[in-house]
Structures are given as structure tokens and as C-alpha cells.
Amino acid sequence: MDKKNYFQKKVNAIEVSDKKPVSVLLEEMANTGFQGKKLGEIVNVWENMIRDENTVILLGYAGSLSTTGQWKIIKWLIENRFIDILVSTGANISEDIVEAMGFSYWQGDHKENDIDLFHSDLNRYYDVYGKESDYMEMTEMIADFYMSSLRQNHPYSSREILSMFGQWLLKKGINSIVATAAKHNVPVFCPAIVDSPYGDAGLIAKSKNFNLIIDNMKDYIEFMRLSERAKDTGVIYIGGGVPKDFIQLFAVTADLLYADRNVPGRKGITRREGVKEKWENYYPHKYAIQISSDLPQWGGLSGCTFEEAMSWGKESADALKAQCYCDATIALPIVSHALNERIKKRPAIPDFSGAFSN
């Protein structure tokens with residue numbers, strides 16, 4: 001048996017120097033170890049997928065990160081088309097609107113007396129405070145949008161609602177994430193949309209005899225049909241949860257929408273060995289990035305590794321991938337600044353015009 005070569009790449013110690021660009025520092029970190037190495041690899045993989053002219057980039061944006069000052073980074077990614085499709089929690093694409101409306105979040109203390117905060121009109125997001133009155137102003141505004149712009153008893157996908165809402169916000173000068181996405185024709189999906197102010201606004205509308213219908217199956221069909229417009233895919237997960245699972249399924253269930261189990265115009269992996277019938281085809285992601293503080297040993301999808309995902313056909317066996325176990329509020333600002341230094345313009349941008357005309 002051939003002996004494995006364990007001496008292929010040396011660890012390079014980082015030297016401190018004046019005016020070192022963030023992108024250079026991360027390149028050096030990629031030659032070190034532990035999670036610093038992984039953070040450096042994240043930038044390298046993301047840069048590769050941006051420069052790949054045949055790749056559609058999907059971003060999963062989980063948790064409640066917009067309250068921590070991350071939402072303008074997501075806007076920047078959309079404006080530069082460093083992502084093509086956004087799948088988010090409802091929190092992340094509603095709580096940013098609070099600041100876009102002119103209100104604020106406040107730095108706080110995770111050890112503060114929470115009963116006192118409750119009586120002071122404050123909600124706590126670990127060590128960030130937000131005013132409940134501001135939150136309700138935002139929620140009431142979403143309800144106003146529903147009642148002024150949507151049809152009663154008509155089944156809408158989350159993508160339809162968020163696209164129309166983004167255009168509505170643009171006219172009001174409220175430049176939130178969904179407004180920016182609408183301006184740049186980036187589809188936004190929110191599979192668990194009612195678990196957020198969007199659902200609360202639906203209750204407010206219902207109290208005023210307006211009946212909103214959100215069709216999850218329509219959402220799923222619209223999302224999976226986008227597979228027809230992708231030769232290859234790259235995925236980025238900021239956190240995990242529903243956005244990650246929704247995007248991962250893009251690789252393994254889009255074919256179920258077609259009677260012959262083939263996505264038109266795409267070549268996938270035909271079937272698993274040992275399976276007698278051709279149940280489905282697989283279109284594994286070519287690139288994959290994850291920034292998460294969740295761990296794999298608990299069995300949850302949020303911490304699930306890309307290696308485990310290969311058993312499902314979700315990631316390619318030779319995928320260019322990087323997984324960094326890190327707080328996204330540390331990693332995302334650093335990575336985005338490195339991308340800004342390395343890439344001034346994306347060479348090719350996928351066009352989704354007409355994708356939802358039916």
C-alpha cells in the first residue's frame with residue numbers, strides 16, 4: 001500500500017505589517033490552521049463562484065442578523081450581484097426595515113434585567129435592544145401594504161409578496177434588503193414567512209377583514225423552476241435553519257417537478273447505484289460555503305457538514321467547499337470587505353427576467 005504524503009503544504013506564520021489589505025490577511029489565514037484557515041478558504045471559494053460564468057449563486061440568510069448591523073452587507077452583495085437568489089428568514093428581511101425607516105437599534109447588555117426592559121418598551125436580541133413601538137410601526141406598515149396592494153383570497157408565493165413589497169418600499173424611499181432585491185431583479189424567497197412580522201401583519205389585515213393567502217407550494221414550484229436557468233450552482237449559508245434546507249433541496253428535488261425526472265437543459269447524476277428504478281436525478285452544488293456556530297454532532301441540519309450532504313447528492317463529490325464554525329457577525333464583515341478588494345465587477349450575471357411570467 002502506498003504511503004500517504006502528509007507533508008504537502010506548510011503552515012505559514014502570519015506577520016504583522018502596516019496597511020495590509022483584509023483580502024491579503026485572509027489569504028495568509030488560509031495558510032494557517034483551525035477556523036482562521038477556514039475563514040480564509042471561505043473567501044477563496046466565494047471568489048471562485050463569482051468568477052465562474054456558468055454558476056448561479058444562492059444565499060441562505062438565517063437567524064436575526066439584521067438587528068446586529070449586517071443588513072447593509074446583504075444589500076451590497078445584491079447590488080454587486082455577488083448573489084443571485086436570496087432565501088431568508090422572515091426576521092432578517094423585516095427587522096432591517098426598522099432601520100431603513102429611520103429608526104435604530106441600540107447596543108445593550110445581555111445581563112440587563114429583562115423585566116425592566118419589557119417595561120421600557122425594549123426587546124432584547126442578546127446584547128442589542130430594539131423598541132417594540134418601532135417594531136410595531138414596521139409591522140403595521142407591512143399590513144398597510146397588504147391591504148393597499150394585494151388582492152384578497154388570491155394565493156401568493158412569498159417571492160411574489162416580497163417582490164411587490166420591495167417595489168412599494170422603493171417608492172417610499174425605504175431602501176431595505178427586499179427593496180434593493182426588487183431594484184436589481186434578485187428573487188427573494190422566505191419559506192417560513194409567517195414566523196415573522198409578515199405573519200403578524202397578516203393577522204392585523206385579517207382583523208380588518210382582509211384575507212391574505214400565502215401559498216407555500218407555489219413558492220416551492222417557483223423556486224425549483226429556477227433550476228432550469230442554472231447550469232451550475234454555488235451555495236452560501238450564513239447560519240442554517242429553513243433557508244439552508246430550502247436551498248439544499250434545489251440540488252435533489254427540482255427534478256420531481258417534471259414527469260421524466262429531468263430538469264430541462266441540465267445534466268445531472270442519473271441515479272444511485274443499486275437502485276433498480278430511476279426514481280430521480282441529482283444536480284449537486286458545484287460550490288458550497290457555510291458560516292455557522294452550530295455543530296454537526298447534534299444531528300441538526302444547521303450544523304450538518306457538506307460531506308454528510310454528499311450522501312444525499314446535495315453537494316458534488318469534487319465541490320469546492322469551505323465550512324467555518326464562527327459567529328456570522330465576525331465572519332461576514334471581514335469576508336465581504338475582502339471580496340470588495342478582490343472583485344470589482346462580476347464577469348457574468350444570470351438573468352431571471354421572465355422566470356415568473358406564468
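Report the charge-dipole magnitude of the stretch 96-224 in Debye, nearest 20, computed about the Cα centre from +1 at each Lys and Arg Cβ and -1 at each Asp and Glu Cβ. Walk me through the numbers before you get to the answer.
Values: 11 positive and 19 negative charges, 147 e Å.
Computed about the Cα centre, the dipole is about 700 debye.
Work the Kirkwood hydrodynamic radius out for the stretch 1-62: mean of 1/r over every pair of different alpha-carbon atoms, inverted, in Å. Intermediate results must be reported in sequence, preceding the final value.
Working: mean 1/r = 0.0708 Å⁻¹.
It works out to 14.1 Å.
Between Leu257 and Glu47, what length comes free when the chain is fully extended (0.36 nm per residue of separation minus the Cα-Cα distance, one decimal in nm)? Mind dumping the intermediate values first?
On the way: separation 210, 0.36 × 210 = 75.60 nm, distance 3.17 nm.
Roughly 72.4 nm would be gained on extension.
Using r as the Cβ-Cβ distance of Asn54 and Leu117, and R0 as 35 Å, what FRET efficiency do you calculate, to the nearest 0.05?
Details: r = 50 Å, r/R0 = 1.43.
Calculated transfer efficiency: 0.10.
Mind putting together the pair-distance distribution for the stretch 10-139? All Cα pairs, 10 Å bins, whole percent per bin, short to long.
Each 10 Å bin holds this share of Cα pairs: 11, 28, 27, 23, 10, 1.
Can you work out the FRET efficiency for the pair Asn12 and Ile349, with r the C-beta to C-beta distance and R0 = 51 Å, to the nearest 0.05?
So, using R0 = 51 Å, E works out to roughly 0.90.
Could you give the dipole magnitude of the stretch 1-123 about its Cα centre, charging the beta-carbon of Lys and Arg +1 and that of Asp and Glu -1, in debye to the nearest 20?
Details: 13 positive and 19 negative charges, 168 e Å.
Computed about the Cα centre, the dipole is about 800 debye.
Give the shape of the stretch 145-189 as rounded, prolate or oblate, defined through the alpha-carbon gyration tensor: a ≥ b ≥ c are the square roots of its eigenvalues, a/c under 1.5 means rounded, and otherwise the shape is prolate if a/b is larger than b/c and oblate if not. Each step should come with its number before you reach the end.
Details: a/c = 3.09, a/b = 1.40, b/c = 2.21.
Because a/c hits 1.5 or more and a/b fails to exceed b/c, the stretch 145-189 counts as oblate.
If you bin the C-alpha pair distances of the stretch 120-257 every 10 Å from 0, what whole percents do you get?
11, 35, 35, 17, 2, 0
Where does each of Met217, Met147 land when they are ranked from fewest to most other beta-carbon atoms within 10 angstrom? Show your work: numbers first, answer last.
Numbers: Met217 9, Met147 16.
Listing Met217, Met147 from fewest to most nearby Cβ atoms yields Met217, Met147.
Fewest Cβ neighbours within 10 Å first, please rank His285, His184 accordingly.
Details: His285 28, His184 15.
Listed from fewest to most nearby Cβ atoms, that is His184, His285.
Of Tyr198, Val242, Ala348, which is farthest towards the positive pole of the chain's charge dipole, taken about the Cα centre with +1 and -1 on the beta-carbons of Lys, Arg and Asp, Glu respectively?
So the residue furthest toward the plus end is Ala348.
With a Förster radius of 45 Å, plug the Cβ-Cβ distance of Asn209 and Glu28 into 1/(1 + (r/R0)^6) and report the FRET value to the nearest 0.05.
On the way: r = 61 Å, r/R0 = 1.36.
Here the calculated transfer efficiency is 0.15.
If each DSSP helix of 4+ residues adds -39,500 (n - 2.57) and the sum is divided by the residues in the chain, what number results at 222 nm, nearest 500 deg cm²/dmol? Intermediate results must be reported in sequence, preceding the final value.
Details: 13 runs with 136 residues, N = 358.
Computed ellipticity for the chain at 222 nm equals -11500 deg cm²/dmol.
Where both residues lie in the stretch 220-358, what percent of DSSP beta bridges are antiparallel, nearest 5? Working shown, then result.
Details: 1 of 13 bridges.
Restricted to the stretch 220-358, the bridges split so that about 10 percent are antiparallel.
For the cross-link pairs Lys20/Lys286; Lys183/Lys345; Lys75/Lys208; Lys75/Lys206, which exceed 26 Å when the distance is taken from alpha carbon to alpha carbon?
Numbers: Lys20/Lys286 31 Å; Lys183/Lys345 18 Å; Lys75/Lys208 33 Å; Lys75/Lys206 31 Å.
Among Lys20/Lys286; Lys183/Lys345; Lys75/Lys208; Lys75/Lys206, the Cα-Cα distance tops 26 Å for Lys20/Lys286; Lys75/Lys208; Lys75/Lys206.
Could you check the simple spin-label distance between Glu140 and Met310, using points 7 Å along Cα→Cβ, in nm with one decimal?
Distance between label points: 5.5 nm.
How big is the dipole moment of the chain about its Cα centre under a simple scheme where the beta carbon of each Lys and Arg is +1, that of each Asp and Glu is -1, and everything else is neutral? Debye, nearest 20, please. The partial results should precede the final answer.
Values: 41 positive and 47 negative charges, 282 e Å.
Roughly 1360 debye, rounded to the nearest 20.
The numbers here are math on the coordinates, done by the rules we state, and not lab data. Bear in mind the structure is a predicted one, so any value in this text is a computation, not a measurement. All Cβ positions, glycine included, derive from the backbone under ideal geometry; neighbour counts span all protein chains shown.
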